[in-house]
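Student: My structure is below; once you've seen it, I'll send some questions.
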Amino acid sequence: DKGEFRHFMLKEIFEQPKALKDTLMGRTGNDAVLEQAFGSEASDIFDQVKAVQIVACGTSYHAGIVAKYWLEDWAGIPCNVEVASEYRYRKTVTLPNTLFVTISQSGQTADTLAALDKSKSQGYLASLAICNVASSALVRNSDLVFLTQAGIEIGVASTKAFTTQLIALQLLAIALGRRSNINAEREKQLVKGLMDLPVFAAAVLQLNSHIQTISHHFTERHHSLFLGRGVQYPIAMEGALKIKEISYIHAEAYPSGELKHGPLALVDSDMPVVAVAPSGDLLEKIKSNLEEVAARGGKLYVFADENAGFTNDEQTTVINIPHCQESIAPIIYTLPLQLLSYHVAVNKGTDVDQPRNLAKSVTVE
Ligand code: F6R
């Protein structure tokens, strides 16, 4: 039942404050992560983890790349991320004490299941599934499980499943990191950030009608670039995937530092360039990257921290995002990008919940 919403995708985007809250429920206590959320054996296994290998597909793969930044930045734990269709068919090397992590909304994606199968003969410490479906094969076949509480996702484009996966992965990074680089105070600060998420998610959804207005600039375009740096690079990748799959507009994501190495040649007034620019260490770098785009006549759409100092001008449209703690910014900035692709798709009249050529669960190779 879509209720007041025109499409399941929009309903599911708006369910995110609740999905995030439900996924956090019972997973933290006393300003700390409760490791039982990953299973009763989790603490013993986490004590031994020296590296993480993540395998997933599509949007779930993008969640994995975000996790790589968190695991390496915060926990000092080396992390590899690979799409399941590649991982399953190549000869891979397993480092000692590596945790094998799969991420999947459905828990029935054929390539991800096959990758988990392969992992069993590769000498991993244990397997962990981050999954939204308790009864799935992925959950059944994994040693440890974290169940996201997104609720049923009907729209083919993954929205609330992705942001709840990011919560699971952030809790994992904190749990592993508390054994090394994350002290109790830092953990408290990170957990506080997570607790604030539902409120920030609700606040950012208030931008819906503003984003709808901007979406008309994309309807007649054939190409677009999505830029982000650091942990926001995979968020730009996810924004680009959403535009491709439901709006049928070709989109490429780049870490903005790569612009000069090729894609800048594509930029002209017909190429909308979407950038995610929260506050943080890389802000000044992003600003100078975007100036290069503007100097070539590119039209910029910047999703920026309200305090970042971006201003609207002829070439730049700024969408101000409420200032939030840096640790949750990737989750918060995902929502306006989902809304953008949704409105562009509606403008174009595509089948938003059932995009052409795609299926909700890819159970065959
Ligand atoms: C994109 C999308 C797909 C899925 C991918 C993996 O919006 O929905 O890219 O993320 O097919 O599916 P799961 O997470 O069920 O393994």
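Student: Check residue 154 against each of (1) free of Cβ contacts under 8 Å to residues at least 60 places away in the same chain; (2) at negative phi and name the one condition it does not meet.
Tutor: Going through the list (1) free of Cβ contacts under 8 Å to residues at least 60 places away in the same chain; (2) at negative phi, residue 154 breaks only (1).
Student: Over 29 Å from residue 180 (Cα atoms), buried (at least 24 other Cβ atoms within 10 Å of the Cβ) and either more than 14 Å from the ligand (Cβ to nearest atom) or under 20 Å from the mean Cα position of the chain (by Cα) (or both) - does that describe any residue in segment 59-80?
Tutor: No, that holds for no residue.
Student: Which of the strands (runs of 3 or more DSSP E) found entirely inside segment 268-365 contain at least 3 residues meeting this: β-branched (Val, Ile, Thr) and on the phi < 0 side of the Ramachandran plot?
Tutor: 272-277, 316-321
Student: If you don't mind, another one. Which ones in segment 317-356 are farther than 20 Å from residue 69 by Cβ, acidic (Asp, Glu) and in contact (Cβ under 8 Å) with a residue 12 or more places away in the chain?
Tutor: Within segment 317-356, 353 is the sole residue that qualifies.
Student: Grab the helices (runs of 4 or more DSSP H) fully contained in segment 180-265, keeping just those with 1 or more residues being within 16 Å of the ligand (Cβ to nearest atom) and buried (at least 23 other Cβ atoms within 10 Å of the Cβ).
Tutor: Per the criteria, 233-247.
Student: It is to be established whether one or more residues within segment 322-332 are away from the ligand (no atom under 16 Å from the Cβ), of a type in the set (D, E, K, R) and farther than 21 Å from residue 2 by Cβ.
Tutor: Looking for residues that are away from the ligand (no atom under 16 Å from the Cβ), of a type in the set (D, E, K, R) and farther than 21 Å from residue 2 by Cβ, one finds at least one in segment 322-332, hence yes.
Student: Could you go through segment 88-99 and let me know if any residue there is of a type outside the set (Gly, Ala, Ser), within 27 Å of residue 243 (Cβ to Cβ) and within 16 Å of the ligand (Cβ to nearest atom).
Tutor: No.
Student: Read through the list (1) away from the ligand (no atom under 16 Å from the Cβ); (2) of a type in the set (S, T, N, Q); (3) within 17 Å of residue 241 (Cβ to Cβ), then give the number of the only condition that residue 85 fails.
Tutor: The number of the failed condition is (1).
Each reported figure results from applying straightforward, stated rules to the coordinates on display, with no laboratory input. What you are looking at is a predicted structure, and each value in this text was computed from that prediction instead of being measured. So basically every Cβ, Gly included, is an ideal-geometry build from the backbone, and we count neighbours across all protein chains shown.
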